[in-house]
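The values are calculated or read from the model by the stated rules, or taken from the named source; none is laboratory data. Since the model is a prediction, treat every value here as computed from it, not as a measurement. Glycine also receives a Cβ, built like all others from the backbone with ideal geometry; neighbour counts cover every protein chain displayed.
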Amino acid sequence: MARDSRHLVGLSTLSGEAIASILDDASRLRDRVRENGPSTDLAGRVVALMFMEPSTRTRSSFTTAAFKLGAQVLPFDAASSSTTKGESLLDTARTVVAAGADAIVIRHKQVGGAHFLASRLSVPVINAGDGIHEHPTQGLLDALTLRDALGTLEGKTVAIVGDIRHSRVARSNCFALPKLGARVLLAGPGTLCPPELAALGVEVRRNIDDVLDEADAIMLLRIQRERIGGALLPSIDEYRRFYGLDVERLQRRPELVVLHPAPMNRGVEVAHEVADSHQSHVFRQMENGVYVRMAVYMRALEQEVV
Amino acid sequence: MSRILRDVRVLDALSGRDERADVAVLGPSGDVDGRGLVLCPAFVDLAAHRESAADDAAATSGGFATCLGTPGLAAREEGPQRLRMAELTVRSAGDELADMGSAVADGAVAIGDGGKALGSSRTLLAALRYAADLDVPVFLRPSDPDLEHGGLTRAGSHAVLLGLPGVQPEAEAMGVYRASLLAKASGCRVHLTQLWSAQGIAALREVKASTPGLTASTTPLHLTQRPERIEELAYAGWARIHPPVGDDEDRRALIEALVDGTLDAVASHHRSVPRHQQDCELGIAVPGTRTQAATFGLVHRATGSLEVSVRVLTAGPRSVLGRAVDERWWALVDPEATWTVGDGPTALAGESVRGRVVELVQPQR
């Protein structure tokens, strides 16, 4: 297991203090960028973006974060890379390090892919999503957005609704939010939110109405269309009825903070009007993603945020 | 020329003999202080792959003089006796019956598809009906492969925390019930392998007495390894074990079943996997661990009983095979020697074990 604190493989192994310190750094960097624009803290450093799975949002966010710190990005296209010729992940990563990368950002469909690399490489490894396991920078940007919106996470209740079982976003949130003092409620159909998820130290409820009234914030997860009509979910209509956040439900909770890791299925887990309402923080999440990733780069490359 | 093992404890689970004696064995003359040592019939391994001479050395150092699993090499002076396993279905794919009659006529002593569980119950019943005439046991890993599909660790809290797809223990219990029902329907003698869950053991307890000839075994890894080990090994490929290892309750159930005889035997499932197939991410790794040398020590550590450990490695596997094996060799064991498994990156690296096989010896007749 990677104990080297330069790595960020997951939030399950980070302390509450470490998480809060990254959020503080991200918030300082945000102030700095807003005031002075990009900096040159990481000038001359190279970060490799190894995205072995498709990604638009996370990849562009990591890219922008690097640019705003003056770092160079070594792009890596899985489709044309040597992994399609049968090279192992470890050899590909070693090649990238030999080519001069000072840090590696990895997204990989295998659970533990980032952990494995972190245990074998000399440079820091940042997990941008390993299968259904963890997506730590998403967990951090969600925490930052919630902290901004609620003032603190201490004593707050955050509900996460939808396909928890296949969600690395939900898992990273479940690891992080309780360490920052929040209570986490999960809701979803038994196929996607089974009772054993309570092992994460959270409460498992049934549907959105079981969590709506207690929650200070709610995070809606994207329902993947391929899950519908199979053995996991009967239909979109049924999902919307029991798990979707529609206008009527939102009106019951005018103070509720609404999050979504995007891309959204408007009209399924979140109504169009809800997604665009003033209670929706979806686009703030994306902006915060850049600052959180800047903070993570600084930590990985051992630069103090001043 | 003979060596005398002085005052050694002779523990023969086949005959029930348990006494201290001086035993003459082949070798350079001299006396060996046998106090603290145990002499028992050589171990029989119901599942061991052989890739190279290193595997013969592992078998011998683990006290195994007879191994089942790799197509037969003729009996040799050096190395263990290798017994042949015939395929149940072609390439173990579960679709068509293999030429098992010919394989048995040519010397195979058991039939099976390795760790693969058959998907089709219809094919399984047909295979067992066909095999019933051949008078050798059919080895099945009990599972519902559809329910098990894609799982990398035991379902439940560990799978949730590790973020890995889980295998429901119900898959094993369903496999046990299915195997028992079809064994009875076909009249075939069935041996269940690699039991790993408390649910599987509960099912086995329920059906064993009413299923003629049904026997079962587990493995040293399933008796000792924990799912948390996957995280300790940073999700590296050598942490992969299939079927998955269970939780504390599962391991307790396996140990109880060995003690009370519900489980007949422990088989090493020793397998040398090329490094490049395990020096990778967990989900794409080929499972397999070199377990033979440590098997006795792991079983002894898990069960805490010398008598049980000897029984499940000697009398147990012999009763499963139901035929004579090479009985020239006996295992000289130091049951309290503690040591640590080395041998490069494997699921067992750094594991401490209790008991070591000193050597295989041939008592003089």
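Listed here are the residues, each with its yes/no results for (1) in the same structural domain as A:Ile106 (by TED's automatic domain parsing); (2) closer than 30 Å to A:Phe62 by Cβ.
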| position | (1), (2) |
| --- | --- |
| A:Asp210 | no, no |
| A:Arg227 | no, yes |
| A:Val257 | no, yes |
| A:Val268 | no, yes |
| A:Ser280 | no, yes |
| A:Arg293 | yes, yes |
Residues of region A:96-140 being polar (S, T, N, Q) and without any contact (Cβ under 8 Å) to a residue 60 or more places away in the chain, in sequence order, are A:Gln110, A:Ser122
Being surrounded by 24 or more Cβ atoms within 10 Å (Cβ to Cβ), farther than 30 Å from A:Ala170 by Cβ and not hydroxyl-bearing (Ser, Thr, Tyr) narrows B:Pro212, B:Pro142, B:Pro169 down to just B:Pro142
For region A:34-60, pairs from a residue that is outside the structural domain of A:Leu74 (by TED's automatic domain parsing) and of a type outside the set (D, E, K, R) to a residue that is surrounded by 14 or more Cβ atoms within 10 Å (Cβ to Cβ) and modelled with pLDDT of 95 or more, with Cβ under 7 Å and 6 or more apart or across chains, are none
If we keep only residues of region B:225-238 that are at the interface with chain A (Cβ under 10 Å from one of its Cβ atoms) and in contact with an Asp or Glu (Cβ under 8 Å, 6 or more places away or on another chain), then the residue nearest to B:Gln278 (Cα to Cα) is B:Gly237
Among (1) at pLDDT 95 or above; (2) buried (at least 17 other Cβ atoms within 10 Å of the Cβ), A:Leu89 falls short only on (1)
(1) within 14 Å of another protein chain (Cβ to nearest Cβ); (2) assigned to a loop (DSSP other than H, G, I, E, B); (3) free of Cβ contacts under 8 Å to residues at least 40 places away in the same chain all hold for A:Asp91 apart from (2)
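Here is a yes/no grid of residues against (1) touching an Asp or Glu at 6+ places or on another chain (Cβ under 8 Å); (2) among the acidic types (Asp, Glu); (3) closer than 30 Å to A:Leu89 by Cβ; (4) within 14 Å of chain B (Cβ to nearest Cβ):
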{"position": "A:Gly10", "(1), (2), (3), (4)": "yes, no, yes, yes"}
{"position": "A:Ser15", "(1), (2), (3), (4)": "no, no, yes, no"}
{"position": "A:Ile22", "(1), (2), (3), (4)": "no, no, yes, no"}
{"position": "A:Glu35", "(1), (2), (3), (4)": "no, yes, no, no"}
Apart from one, (1) in contact (Cβ under 8 Å) with a residue 12 or more places away in the chain; (2) closer than 30 Å to A:Leu89 by Cα; (3) over 17 Å from the mean Cα position of the chain (by Cα) all hold for B:Pro244; the odd one out is (3)
Across region A:94-103, the tally of residues that are assigned to a helix (DSSP H, G or I) and either among the charged types (D, E, K, R) or within 14 Å of chain B (Cβ to nearest Cβ) (or both) stands at 1
Is it the case, given these coordinates, that A:Val282 is surrounded by fewer than 21 Cβ atoms within 10 Å (Cβ to Cβ), in contact (Cβ under 8 Å) with a residue 24 or more places away in the chain and within 14 Å of the chain's Cα centre (by Cα)?
yes
Filter region B:239-260 for residues that are among the hydrophobic types (A, V, I, L, M, F, W, C) and under 20 Å from B:Gly151 (Cβ atoms); the one that is nearest to the other protein chains (Cβ to nearest Cβ) is B:Ala239
Given the conditions (1) touching a residue at least 12 places away in the same chain (Cβ under 8 Å); (2) out of contact with any Leu (no Cβ under 8 Å at 6 or more places or on another chain); (3) among the charged types (D, E, K, R), every one holds for A:Asp216 apart from (2)
message: When you check A:Ala149 against the structure, is it of a type in the set (A, V, I, L, M, F, W, C), touching a residue at least 60 places away in the same chain (Cβ under 8 Å) and within 14 Å of chain B (Cβ to nearest Cβ), yes or no?
response: no
Requested in this report: Tell me, please, whether a residue that is surrounded by 15 or more Cβ atoms within 10 Å (Cβ to Cβ) and under 30 Å from A:Gly151 (Cβ atoms) can be found in region A:52-61.
Outcome: yes
Quick count over region B:25-63, residues being part of a strand (DSSP E or B) and either buried (at least 19 other Cβ atoms within 10 Å of the Cβ) or touching a Lys or Arg at 6+ places or on another chain (Cβ under 7 Å) (or both), is 13
Looking across region B:303-314 at residues that are touching a strand residue (DSSP E or B) at 6+ places or on another chain (Cβ under 8 Å) and aliphatic (A, V, I, L, M), the single one that is surrounded by the fewest Cβ atoms within 10 Å (Cβ to Cβ) is B:Leu306
Within region A:251-306, the count of residues that are more than 15 Å from A:Thr137 (Cα to Cα) and either hydroxyl-bearing (Ser, Thr, Tyr) or assigned to a loop (DSSP other than H, G, I, E, B) (or both) comes to 23
Within region B:153-181, residues among the hydroxyl-bearing types (Ser, Thr, Tyr) and more than 12 Å from every other protein chain (Cβ to nearest Cβ) come out as B:Tyr177, B:Ser180
Given the criteria assigned to a loop (DSSP other than H, G, I, E, B), more than 25 Å from B:Arg122 (Cα to Cα) and either of a type outside the set (Lys, Arg) or within 14 Å of chain A (Cβ to nearest Cβ) (or both), does B:Ala209 qualify?
no
Counting only strands (runs of 3 or more DSSP E) wholly inside region A:140-247, the ones holding at least 3 residues that are of a type in the set (Val, Ile, Thr), surrounded by 18 or more Cβ atoms within 10 Å (Cβ to Cβ) and modelled with pLDDT of 95 or more are A:157-161
Across region A:120-139, the tally of residues that are more than 10 Å from every other protein chain (Cβ to nearest Cβ) and part of a helix (DSSP H, G or I) stands at 4
Note on region A:104-119: residues in contact with a Leu (Cβ under 6 Å, 6 or more places away or on another chain) and at the interface with chain B (Cβ under 8 Å from one of its Cβ atoms) are A:Val111, A:Gly112
